[in-house]
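Okay, structure first, notes after.
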Amino acid sequence: MQWPARNRTPPLPHLPLCPSYMDHSSELENLSNIQQILQASSDSVADWWELALSSVPKEKRREFNGLAIYIMWNLWKERNCRIFDNIYSTATQVAGRVKDDIVQYKRAFTTTQH
């Protein structure tokens, strides 16, 4: 698919981030309002983040911040692939990369007992 204007950015995929998709990658699936938090709309990412974070219980904010960072990082990488390499991934593929990143992080920073 070609985009008409040179400086126009193609739309990024909407990620299917329902709690069941995030199983084994985050403790946030226990939040009853996670779907509403992730889909809240704001004028800027900073406004959304602040609004969403205020809805998350204090003990879950670290996990929420981690999830939000991995989502944004992978959306940024997808944007770059679309613009510079003309390669497009589906929303499910991008969400899978978010999940993979979180799993890798947990493996790297989880201590195991021998």
Inset, instruction - Could you figure out which of (1) among the aromatic types (Phe, Trp, Tyr); (2) modelled with pLDDT under 90; (3) assigned to a helix (DSSP H, G or I) isn't true of Tyr21? - result: (3)
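Could you please find all residues in the range 61-92 being farther than 23 Å from Trp49 by Cβ, touching a residue at least 60 places away in the same chain (Cβ under 8 Å) and not charged (D, E, K, R)? Working first, answer last.
We begin by selecting, within the range 61-92, every residue farther than 23 Å from Trp49 by Cβ; these are 81-90, 92.
Of the ones still in play, those that are also touching a residue at least 60 places away in the same chain (Cβ under 8 Å) are 82-83, 88-90, 92.
Ile83, Tyr88, Ser89, Thr90, Thr92 - these are the residues of the range 61-92 that are farther than 23 Å from Trp49 by Cβ, touching a residue at least 60 places away in the same chain (Cβ under 8 Å) and not charged (D, E, K, R).
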Legend entry - Leading residue by the ranking (surrounded by the most Cβ atoms within 10 Å (Cβ to Cβ)) among those in the range 39-60 that are without any contact (Cβ under 8 Å) to a residue 24 or more places away in the chain and among the hydrophobic types (A, V, I, L, M, F, W, C): Ala52
Inset, instruction - Go through (1) of a type in the set (A, V, I, L, M); (2) farther than 26 Å from Ala108 by Cα; (3) modelled with pLDDT of 70 or more; (4) not in a helix (DSSP H, G or I) one by one and return the number of the condition Leu51 breaks. - result: (4)
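The values are calculated or read from the model by the stated rules, or taken from the named source; none is laboratory data. Bear in mind that the values here come from a model prediction, so they are computed numbers and not experimental data. Positions of Cβ are generated from backbone atoms using ideal geometry, with glycine treated the same way; all protein chains shown enter the neighbour counts.
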